[in-house]
Amino acid sequence: MYASREDIGYDFGDDSKVGSKPIKPNPNIDGGWAWMIVLSSFLVHILIMGSQMALGILNMEWLEEFNQSRGLTAWVSSLSMGITLIVGPFIGLFISMCGCRTTAIIGGILNALGWILSAYASNVHYLFLTFGVTAGIGSGMVYLPAVVMVGQYFQKRRALAQGLSTTGTGFGAFLMTALLKYLCTEFGWRNAMFIQGAISLNLCVCGALMRPLSPKDLSEKNMVRGNSEENQAKALSHSTETIKSNGILSEEPEKKEEAANEEVLGSVQHTETGGKSGSRRSLYGLRILKTVSQLTLTVRKGFALWYSSYFGAASLFTNRVFVAFIIWALFAYSSFVIPFIHLPEIVKQYNLSRQNNVFPLTSIIAIVHIFGKVILGIISDLPCISTWNVFLMANFTLVTCILTLPLMQTYVGLAVVCALIGFSSGYFSLMPVVTEDLVGTKHLANAYGIIICANGISALFGPPFAGWIYDITQKYDFSFYIAGLLYMVGIIFLLIQPCIQKKQPREKSTEEAQV
């Protein structure tokens, strides 16, 4: 284990000049409007992630309505959940060009449209397009900005803020399950989806609350973070202004590009001023030209940042620890989803249905999961505790529970393991914090988009893979064992790469000292 974030071993630039000037932070950082951002993200998790965890209600209605196989019908829910996460890298492009607020509002409209169109479905394949793809993409366009905005508005209490906002998933699972069950009973599943589509329009309100910080506020936040971390130890993250060895973008080209952009816009404005003596049509045309020029420059800048993050010389993939984090994400999420999918069948096999009906094991996971996110967030924000170490310990606990769950054949034993699974899986609230520590606030949208894309692939193929293993062995034990072993491989990557990474800066500093 690691004593501090310094063990990751990144090389930082000299921030001594920054520390010489007192910085007055924005009052909205760690307070003020920041808590409105947490509320917005909390509601997003209720409406999106909570609704997806309650799709079992609609899945039963679809089975009865369309008379298709369980496997084919289940793909509707899997597509919606998987696409929500898989589109993360592409949503990062929208955020780079349009900002979090605009992206979230468009996503809210698209999500609501997917629900409403699904109310008129004539077959399962129609639902693949309307609910799986349309609503899934809309969900992704709201989910990623909700996570990114919390990361931008918080510095000292990032883990707690992320933990509070993501508890919306657990609350949403209960609220949306009860709501959909009531709506389907009273109005039928088609009207229920139509009403849910109208409710989903509240995602646009959540997006409107995502007031963007100015570039000055973001830079001040990064400076303050760099100073505080330098006083404690060399941080895992970087001030987004300097890292060269890790492949993170430098600020120099951006400043030059901004200067060039201002010069172009200035010339357009000068031409507009000089043309006032001409016709109103010419003036109107010049204003349109100026607007188009500004929009073009914004799109070009956003695309350049997105492209360089993924494919350029400053690619995020040059960061070895981040690549290990991606490999971990490919195996981790399915280990959390598989118990939700297959626990009811395990309960049947062990003749524990009566006890499970009184208090379902999946409900135990969901309830404790809420407390796990908040408690792990509070622990991670303590000055003497490393977020990285808390993250790793939670992962070790979860993988141990996944491997031991098939050995439990009593309700009490399964309940204890499920409670530990729910608590340890609270590390999901730490994922944005760890990602931001790895790549910085500036690249959080693109980087976290990659991480949730890997999670989406895991969620999309993990449960069907477990079902396939069951078809071969006629036991769910091997599904949990294989999922746990693959999960362990991902954790080993997280342990190995930091050890390799931390040697390079030290060797480099030794060579410079000799010179």
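The values are calculated or read from the model by the stated rules, or taken from the named source; none is laboratory data. Please read these numbers as outputs of a predicted model, since none were measured by experiment. When we count neighbours, we look across all protein chains shown, and the Cβ atoms used for this are built from the backbone with ideal geometry, even at glycine. Ligands, DNA and RNA are excluded from the accessible area calculation, which covers all protein heavy atoms including side chains. Shrake-Rupley method; radii C 1.70, N 1.55, O 1.52, S 1.80 Å.
Residues in segment 95-138 that are of a type in the set (Phe, Trp, Tyr) and closer than 13 Å to THR84 by Cβ: how many?
Number of matching residues: 1.
Just to be sure before I move on: is ALA173 in contact with a Phe, Trp or Tyr (Cβ under 6 Å, 6 or more places away or on another chain), surrounded by 21 or more Cβ atoms within 10 Å (Cβ to Cβ) and assigned to a helix (DSSP H, G or I) in the structure I sent? Don't jump to the end; show me each part of the working.
On the way: in contact with a Phe, Trp or Tyr (Cβ under 6 Å, 6 or more places away or on another chain): no; surrounded by 21 or more Cβ atoms within 10 Å (Cβ to Cβ): yes; assigned to a helix (DSSP H, G or I): yes.
So ALA173 fails the test.
Please verify whether LEU85 is in contact (Cβ under 8 Å) with a residue 60 or more places away in the chain and either under 21 Å from THR167 (Cα atoms) or open to solvent by less than 10 Å² (accessible area, probe 1.4 Å) (or both), treating the condition exactly as stated.
It is true that LEU85 is in contact (Cβ under 8 Å) with a residue 60 or more places away in the chain and either under 21 Å from THR167 (Cα atoms) or open to solvent by less than 10 Å² (accessible area, probe 1.4 Å) (or both).
Can LEU110 be described as without any contact (Cβ under 8 Å) to a residue 40 or more places away in the chain, assigned to a helix (DSSP H, G or I), touching a Lys or Arg at 6+ places or on another chain (Cβ under 7 Å) and in the same structural domain as ALA178 (by the TED database)? Walk me through it before giving the result.
Working: without any contact (Cβ under 8 Å) to a residue 40 or more places away in the chain: yes; assigned to a helix (DSSP H, G or I): yes; touching a Lys or Arg at 6+ places or on another chain (Cβ under 7 Å): no; in the same structural domain as ALA178 (by the TED database): yes.
So LEU110 fails the test.
Assess whether PHE128 counts as being open to solvent by 30 Å² or more (accessible area, probe 1.4 Å) and in contact with a Ser or Thr (Cβ under 6 Å, 6 or more places away or on another chain).
Values: open to solvent by 30 Å² or more (accessible area, probe 1.4 Å): yes; in contact with a Ser or Thr (Cβ under 6 Å, 6 or more places away or on another chain): no.
Considered against the rule, which asks whether it is open to solvent by 30 Å² or more (accessible area, probe 1.4 Å) and in contact with a Ser or Thr (Cβ under 6 Å, 6 or more places away or on another chain), PHE128 comes out as no.
Starting from residues that are part of a helix (DSSP H, G or I) and of a type in the set (Ser, Thr, Tyr), keep the ones in segment 276-292 and report whichever is modelled with the lowest pLDDT. Break it down into steps so the answer makes sense when it comes.
First, the residues of segment 276-292 that are part of a helix (DSSP H, G or I): 276-277, 280-292.
Pick out the ones that are also of a type in the set (Ser, Thr, Tyr) and you get 277, 282, 284, 291.
Numbers: SER277: 48, SER282: 70, TYR284: 70, THR291: 73.
Ranking the candidates gives SER277 first.
Just checking, how many residues over segment 43-70 are open to solvent by 50 Å² or more (accessible area, probe 1.4 Å) and either within 13 Å of SER139 (Cβ to Cβ) or in a helix (DSSP H, G or I) (or both)?
Adding up the residues that qualify gives 7.
Condition test on ILE452, is it open to solvent by less than 10 Å² (accessible area, probe 1.4 Å), assigned to a helix (DSSP H, G or I), modelled with pLDDT under 85 and not aromatic (Phe, Trp, Tyr)?
Answer is yes for this residue.
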